[in-house]
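A.B. asks: My structure is below; once you've seen it, I'll send some questions.
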Amino acid sequence: MKKNTFLLCFIFSLAFLPFAQARYFFQNAVPDSILRTQIKEEKAKGNFKKASEMIDKLLTSSNLTTKERYELDFEKDLMARIRREFSKTEAEVLAQMKEKFPSATPEQIANWEKDKSLEMRVIDGEKRYFYAAVRNLQRIEEFFGKSAEGTYKSSLLSFCEKNVPEVIQIGKPAKAVQAVKMKIRYTLTVKPNVIPAGEKLRVWLPYPVKNDRQKDINLLKTKLVPYQMNQSGKSAHNSFYMEDIAQKDQPTVFSYELSYTAQAQWFDLKPENIKPYDTTSQIYKTHTAERPPHIVFSPKIKELAKKIVGNETNPYLKARKIFTWIDQNIPWASALEYSVFENIPEYVLQNRHGDCGMQTLLFMALARYSGLPTKWQSGWMMHPDEVNLHDWAEVYYEGIGWVPLDQTFDLLPSDNEAVKYFYTNGIDAYRFTVNEDFGQDFY
């Protein structure tokens with residue numbers, strides 16, 4: 001009996017981006033037909049049940065290719081993902097609103113829905129809300145100074161305010177400084193009977209990439225052998241591959257322990273020292289290009305980039321302008337699963353909020369259109385009491401190389417310009433870097 005192989009890819013929220021790319025392909029590559037057009041129309045109206053039934057009808061056709069069937073199955077799965085994200089009913093959200101915004105009127109709530117501050121979709125004729133909609137609304141209202149709760153200073157901000165001046169004081173241009181030794185245990189558990197007994201599970205666990213900011217990487221223990229690690233340069237997603245056979249009524253556990261040394265990095269950039277780009281170089285061409293479906297130079301991106309950058313020609317000052325605009329206009333908020341988005345920067349501009357990866361992709365789209373080579377990095381933030389998934393970027397400067405830029409860590413409140421703009425040309429040591437791109441193949 002032929003066994004199915006189940007693929008479990010657990011490397012960050014951005015591992016969902018290949019699904020978004022499949023959706024892009026479906027919308028642009030599948031030949032038009034009346035039924036497909038109707039499916040798109042019904043889905044756009046929120047009529048998911050009807051659209052799913054139409055997909056089932058289309059899947060009975062014997063004329064479909066394997067690729068077309070995959071893409072149709074994905075469209076059906078995508079609607080299920082959206083349903084899961086918009087899990088709150090109107091009654092549940094109104095109860096939360098009564099607790100968090102006791103003075104809110106029906107008119108205010110309607111306006112919040114209209115301007116996307118309170119994220120809602122009509123699905124099969126019923127109002128459904130993003131599960132974090134009310135919590136995000138609180139963040140957005142506070143960010144724009146409309147909340148009566150006042151400003152909350154996080155422990156992470158307090159830590160950065162203390163740590164960043166220390167990094168700058170000992171830092172040298174282009175040097176990694178302030179080493180921090182890390183020891184981690186990473187475990188992924190698949191619940192019993194989720195995968196049929198006897199089937200093979202294949203997993204790619206995140207593993208630290210060796211670069212200027214991460215070294216002395218030592219694998220200390222692993223639960224399963226054989227295993228295989230990504231070889232340098234083979235994939236943009238550094239991974240630790242493992243496999244096992246599912247056992248009836250037993251969880252399947254994958255784990256490893258390792259140690260590594262992480263370092264901060266700060267570049268003392270001076271605008272007058274930034275050289276003009278060699279626009280014929282492969283780095284420049286590759287990293288200023290569009291990358292559908294998420295890095296696209298749409299009319300909105302072009303218009304906003306021109307508005308932000310204006311007549312500025314200096315690369316570093318361009319980057320600071322874009323960083324500052326996002327910092328002052330796009331608050332951080334919990335995000336929907338990335339696979340449900342057609343284009344993430346467009347969503348952020350429409351909804352005026354986004355999480356770290358969304359803010360980073362918006363920065364990259366604006367920067368690339370403005371002639372700044374940028375690339376993606378992601379992994380974890382490993383700050384004391386603040387361990388979480390995290391995404392950031394790097395900007396390339398001629399004669400200097402790749403410089404880290406963490407859009408989500410914002411402009412720090414300081415009169416010292418080096419401290420204030422630290423995260424436009426530096427990064428702290430409390431990182432676990434795994435990915436150097438997004439949506440690529442695993443090794």
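A.B. asks: Pick from the stretch 394-415 the residues that are aliphatic (A, V, I, L, M) and surrounded by fewer than 21 Cβ atoms within 10 Å (Cβ to Cβ): which of them is farthest from residue 159 (Cα to Cα)?
C.D. replies: Going through the qualifying residues, I end up with 400.
A.B. asks: Of everything in the stretch 238-283, what is touching a helix residue (DSSP H, G or I) at 6+ places or on another chain (Cβ under 8 Å) and not in a loop (DSSP other than H, G, I, E, B)? Give them in sequence order.
C.D. replies: Listed by number, the residues that qualify are 264, 266, 271.
A.B. asks: Okay, next question. In the list 419, 340, which residue meets the criterion of being open to solvent by less than 40 Å² (accessible area, probe 1.4 Å), closer than 21 Å to residue 116 by Cα and of a type in the set (A, V, I, L, M)?
C.D. replies: 340
A.B. asks: Now for a separate question. For the stretch 165-193: of the residues being assigned to a loop (DSSP other than H, G, I, E, B) and under 27 Å from the mean Cα position of the chain (by Cα), which is modelled with the highest pLDDT?
C.D. replies: Among residues in the stretch 165-193 that are assigned to a loop (DSSP other than H, G, I, E, B) and under 27 Å from the mean Cα position of the chain (by Cα), the one modelled with the highest pLDDT is 191.
A.B. asks: All but one of (1) within 22 Å of residue 310 (Cα to Cα); (2) in a helix (DSSP H, G or I); (3) small (Gly, Ala, Ser); (4) open to solvent by 10 Å² or more (accessible area, probe 1.4 Å) hold for residue 371; state the number of the condition that does not hold.
C.D. replies: Residue 371 satisfies all of (1) within 22 Å of residue 310 (Cα to Cα); (2) in a helix (DSSP H, G or I); (3) small (Gly, Ala, Ser); (4) open to solvent by 10 Å² or more (accessible area, probe 1.4 Å) except (2).
A.B. asks: Please state which of the following conditions residue 111 fails to meet, knowing it meets all the rest: (1) surrounded by fewer than 16 Cβ atoms within 10 Å (Cβ to Cβ); (2) modelled with pLDDT of 95 or more; (3) under 24 Å from residue 337 (Cα atoms).
C.D. replies: (3)
A.B. asks: I'd like to check something: does the stretch 407-420 contain any residue that is of a type in the set (Val, Ile, Thr) and closer than 18 Å to residue 320 by Cα?
C.D. replies: yes
A.B. asks: Would you please name the residue that is surrounded by the fewest Cβ atoms within 10 Å (Cβ to Cβ), looking only at residues in the stretch 211-239 that are of a type in the set (Ser, Thr, Tyr) and more than 19 Å from residue 201 (Cα to Cα)?
C.D. replies: Per the criteria, the residue is 232.
A.B. asks: Oh, and also: Quick one: which residue in 85, 107 is farther than 19 Å from residue 39 by Cβ and touching a residue at least 60 places away in the same chain (Cβ under 8 Å)?
C.D. replies: Testing whether each residue is farther than 19 Å from residue 39 by Cβ and touching a residue at least 60 places away in the same chain (Cβ under 8 Å) leaves just 85.
A.B. asks: For the stretch 76-114, name all the residues that are in a helix (DSSP H, G or I) and of a type in the set (Phe, Trp, Tyr).
C.D. replies: Within the stretch 76-114, just 112 meets the criteria.
A.B. asks: Further question: Would you be able to tell me the number of residues in the stretch 121-137 that are touching a Lys or Arg at 6+ places or on another chain (Cβ under 6 Å) and either within 10 Å of residue 85 (Cβ to Cβ) or crowded, with 17+ Cβ neighbours inside 10 Å (or both)?
C.D. replies: Selection size over the stretch 121-137: 5.
The values are calculated or read from the model by the stated rules, or taken from the named source; none is laboratory data. Quick caveat, the model's predicted, so the values are computed rather than measured. Using ideal geometry, Cβ is built from the backbone for each residue, glycine included, and neighbour counts are taken over all protein chains shown. Heavy atoms of the whole protein, side chains included, go into the accessibility calculation; ligands, DNA and RNA do not. Shrake-Rupley method; radii C 1.70, N 1.55, O 1.52, S 1.80 Å.
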